[in-house]
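Below: the structure, in structure tokens.
The values are calculated or read from the model by the stated rules, or taken from the named source; none is laboratory data. As the structure is a prediction and not an experimental result, all values here were calculated from the model. Heads up, the Cβs are rebuilt from the backbone with ideal geometry, glycines too, and the neighbour counts pull from every protein chain shown.
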Amino acid sequence: MDAKVSKKDLNWSELGFQYQRTDFRFSATWEKGSWNEGGLVSSEFIAVHEGAPALHYAQQCFEGMKAQTAADGRILLFRPNLNSERMNLAGPRLLMPEVPAEMFMSAVEQTVRANYAWIPPYGSGASLYIRPMLIGIGENLGLKPAKQYEFRVFVSPVGPYYQQAGLAVISLAVSDVDRAAPLGTGSFKVGANYAGGLLATRMAQQLGANEALYLDSLERRYIDEAGSANIIIALKDGSFVTPKSDAILPSITRRSIMQLAKDQLGLVTEERPIDLRKEFPNFQEAAACGTAAVLTPVGRIWYDDAWHNINGDGESVGPVMQKLYDLLIGIQKGELEDPYSWLHEVEI
Ligand code: PLP
Ligand code: COI
């Protein structure tokens, strides 16, 4: 197939973070201990049994990745091996089969390649969001794992997660409901964590915030993470910290930013428990980070019935987050050197 067909006529720079149907998705199924070969399909609908454990008992997990177009036209993925590894932690936690790394990578590449016309062009500010998912689909009633599974990858061109292009400053509201128990599934990318978070997001938005911020559910003291992103903080003493917690998603973006902060900005970095109320006066800059969120500065946090501003008026982007954002997206788009070999090119 000559994948290099002309691009779709979309207003790329106006895209938000919404589902846009594309032409192809990858689908493979598992039964009796093995995966079939799978392949590309065109329907965006999945036929599953009405008793499927994915529907009743949330036996499902997913991933989130992006493909970017570089200035020279190369199509770049960012650390896709880590998404594959993370899915193979979530799957077995819910008694689902592993997705072999080769199958994961091949499925992602095939889907990206087949939807070449939908990959936003360089300079548009948009990217191709990739959603791998694993679901228990077979007939079932009682609480037990499915006998059949589907691994699927679909893609959708997307713009910024938080409305504005570039570096938008967002606000977070500490949630009154918990996302994850200390020994629960918080560190796995499983849908159940997100279903429970819908109400928290709604409550945060009713307060005028963009997203919920979760504190640890044991003591409700330490920062865990936001609804769809991890948290990073530049402290007034010049150090750069991020919460240590077993109940948060181990963000690939965060791991990358912590490395850039240490190596490229020379900051002293630390992953440790962060007591929100006690340490807030020492916050210089804060941000949410993730595949969808990229790096989004946090200007204000709602807790104890009041807004608390960070970095002055709570609306400006600080220099540390600006530099880290520039470094991160510079590498992701192939504009800066990639000293850690984080990029993976999809041959078109
Ligand atoms: N935390 C949550 C709850 C998320 O949904 C995401 C998004 O994937 C992240 C953090 C960021 O993880 P990553 O940087 O791997 O996308
Ligand atoms: C991602 O950043 O890839 C996510 O999965 C977050 C999701 C809530 C959009």
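Scanning the range 241-275 for residues that are more than 16 Å from ligand 1 (Cβ to nearest atom) and out of contact with any Lys or Arg (no Cβ under 7 Å at 6 or more places or on another chain) gives Lys262, Asp263, Gln264, Gly266, Leu267, Val268, Glu270.
Reported count of residues in the range 93-138, each being surrounded by fewer than 22 Cβ atoms within 10 Å (Cβ to Cβ), of a type in the set (A, V, I, L, M, F, W, C) and assigned to a helix (DSSP H, G or I), is 6. Checking each residue of the range 80-92 against the condition of being in contact with an Asp or Glu (Cβ under 9 Å, 6 or more places away or on another chain) and among the charged types (D, E, K, R) gives at least one match. Scanning the range 55-92 for residues that are assigned to a loop (DSSP other than H, G, I, E, B) and surrounded by fewer than 23 Cβ atoms within 10 Å (Cβ to Cβ) turns up Tyr57, Ala58, Gly64, Ala70, Ala71, Asp72, Gly73, Arg74, Arg79.
Regarding the range 55-75, can at least one residue be identified that is touching a Ser or Thr at 6+ places or on another chain (Cβ under 9 Å), away from ligand 1 (no atom under 16 Å from the Cβ) and not aromatic (Phe, Trp, Tyr)? Yes: one or more hits.
Checked against the criterion of being within 18 Å of Tyr325 (Cα to Cα), free of Cβ contacts under 8 Å to residues at least 40 places away in the same chain, touching a strand residue (DSSP E or B) at 6+ places or on another chain (Cβ under 7 Å) and of a type in the set (D, E, K, R), the candidates Arg272, Arg254 yield just one match: Arg254.
Okay, residues lined up against (1) at pLDDT below 95; (2) closer than 30 Å to Asn36 by Cβ; (3) assigned to a loop (DSSP other than H, G, I, E, B); (4) away from ligand 1 (no atom under 16 Å from the Cβ):
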| residue | (1), (2), (3), (4) |
| --- | --- |
| Asn140 | no, yes, yes, yes |
| Asn193 | no, yes, no, no |
| Leu199 | no, no, no, no |
| Gln205 | no, no, no, yes |
| Ser217 | no, no, yes, no |
| Asp224 | no, no, no, no |
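Taken as a whole, the structure leaves Asp313 outside the set of residues that are within 16 Å of ligand 1 (Cβ to nearest atom), of a type in the set (Asp, Glu) and not assigned by TED's automatic domain parsing to the domain that holds Val112. Is it true that some residue in the range 153-162 is polar (S, T, N, Q), surrounded by fewer than 20 Cβ atoms within 10 Å (Cβ to Cβ), more than 13 Å from ligand 2 (Cβ to nearest atom) and within 18 Å of the chain's Cα centre (by Cα)? So far as the range 153-162 goes, no, none of its residues is polar (S, T, N, Q), surrounded by fewer than 20 Cβ atoms within 10 Å (Cβ to Cβ), more than 13 Å from ligand 2 (Cβ to nearest atom) and within 18 Å of the chain's Cα centre (by Cα).
Every residue, every condition in (1) crowded, with 16+ Cβ neighbours inside 10 Å; (2) in contact with a Ser or Thr (Cβ under 6 Å, 6 or more places away or on another chain); (3) of a type in the set (Phe, Trp, Tyr); (4) over 17 Å from Val153 (Cα atoms), yes or no:
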site: Trp12; (1), (2), (3), (4): yes, yes, yes, yes
site: Leu15; (1), (2), (3), (4): yes, no, no, yes
site: Trp30; (1), (2), (3), (4): yes, no, yes, no
site: Asn36; (1), (2), (3), (4): no, yes, no, no
site: Gly39; (1), (2), (3), (4): no, no, no, no
site: Pro53; (1), (2), (3), (4): yes, no, no, yes
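Kindly indicate whether Lys244 is in contact with a helix residue (DSSP H, G or I) (Cβ under 8 Å, 6 or more places away or on another chain) and exposed (fewer than 15 other Cβ atoms within 10 Å of the Cβ). Criteria not met by Lys244.
Conditions (1) aliphatic (A, V, I, L, M); (2) over 29 Å from Gly191 (Cβ atoms), marked per residue:
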site	(1), (2)
Ile252	yes, no
Leu260	yes, yes
Glu270	no, yes
Val320	yes, yes
Asp326	no, yes
His344	no, no
